[in-house]
Amino acid sequence: AVGLLRTLDDFRAMLGSPVQISPADGSLFRPGDPNAHGRGLAADVILSHGVDVSRAVDLARQAGFKGIGVYPRSAGIPGRVRLHLDIWTPYDPEYVRTWGMVPTIGDSRRETTIAEAISYAKNDALA
């Protein structure tokens with residue numbers, strides 16, 4: 001968990017903007033989860049309003065995150081972007097896993113590329 005917190009702090013400093021840990025249950029630790037959250041190696045964060053999502057993703061890579069997920073319209077709020085950030089390296093330590101989840105009808109989401117999720121987030125912020 002110390003490595004995660006150091007990497008989060010590096011990311012926040014590079015971004016030059018506050019980064020809020022998501023208040024949702026399991027944002028930092030999910031008991032019984034065999035993946036990054038269950039190992040204390042992941043955090044879900046909310047970007048400050050107006051932060052460029054593409055830049056945030058690039059800085060997350062530079063900070064050393066190995067898993068980056070973009071979730072536009074977090075909690076159904078237009079313009080709100082949640083990032084999943086983790087330092088888990090289940091594969092090649094140089095490999096960075098990326099993905100996106102975009103809203104569909106109702107409360108549903110569908111998995112997509114990180115590029116599509118970033119595009120959705122940018123358009124959502126302009127609406």
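The values are calculated or read from the model by the stated rules, or taken from the named source; none is laboratory data. Because the structure is predicted, anything quoted here is derived from the model rather than measured. As a convention, Cβ positions derive from the backbone with ideal geometry for all residues, glycine included, and neighbour counts pool all protein chains shown. These accessible areas exclude ligands, DNA and RNA; they are computed on the full protein's heavy atoms, side chains included. Shrake-Rupley method; radii C 1.70, N 1.55, O 1.52, S 1.80 Å.
Structural remarks
- Here the peptides 80-90, 2-12 are ranked by packing, the mean other Cβ count within 10 Å, and the order with the highest first is 80-90, 2-12.
- Relative contact order %, the chain, counting alpha carbon pairs below 8 Å whose residues are six or more apart: 22 percent
- Centre-to-centre, using Cα atoms only, the range 93-127 and the range 1-47 are separated by 18 Å.
- Along its three principal directions, the equivalent ellipsoid of the range 42-103 from the Cα gyration tensor extends over semi-axes of 22, 12, 9 Å, largest first.
- Rolling a 1.4 Å probe across the protein heavy atoms gives the chain an accessible surface of 54 Å² per residue.
- Portion, in percent, of the accessible area of the chain that falls on carbon or sulfur, probe 1.4 Å: 53 percent
- Fully extending the segment from I105 to R12, taken as 0.36 nm per residue of separation minus the present Cα-Cα distance, adds 30.2 nm.
- The Cα-based radius of gyration and maximum Cα-Cα distance (Dmax) for the chain are 13.7, 39 Å.
- Antiparallel beta bridges, as assigned by DSSP with both residues in the range 1-100, represent about 80 percent of the total such bridges.
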